[in-house]
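Only the coordinates and a few stated rules stand behind these numbers; no lab work does. The structure presented is a predicted model; accordingly, all values stated were derived computationally and were not measured.
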Amino acid sequence: MLIAILAGLEAMVVFAARSKQGRARRQQLLMGNSPGSARALSLVDNYLQRKTARATRFQRFIASKLAALCRRVVRTRSFEYLLLHLVRAAINKRRNKVLNRKGRVIL
């Protein structure tokens, strides 16, 4: 009886550890922090690296600071709301354009 209880407890611990690892791995994948996500764009990275090979130190400095600022802004809730506003505005503009075309009577 004691052996069965110990085996059950061990199975629960192993299951809990695996599920925690799976959640952490899934979160890293969704946030783009996984090692595999960096390799997914290696072709694009190599192409852009060749295109920007002659950049000066000042240009690299400006680009790195601007990228850091963009990363900081993108991880805010305001950016999500801004994107939502832009999407809604574009859809409403398109909808109004379609409705205006249908509403006209040509004689």
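Quick notes on this structure:
- Residue-span extension gain [Arg54 to Asn96] - 0.36 nm each, minus C-alpha spacing: 10.4 nm
- Region 57-107: C-alpha gyration tensor shape, a/c 1.5 cut-off, then a/b vs b/c: oblate
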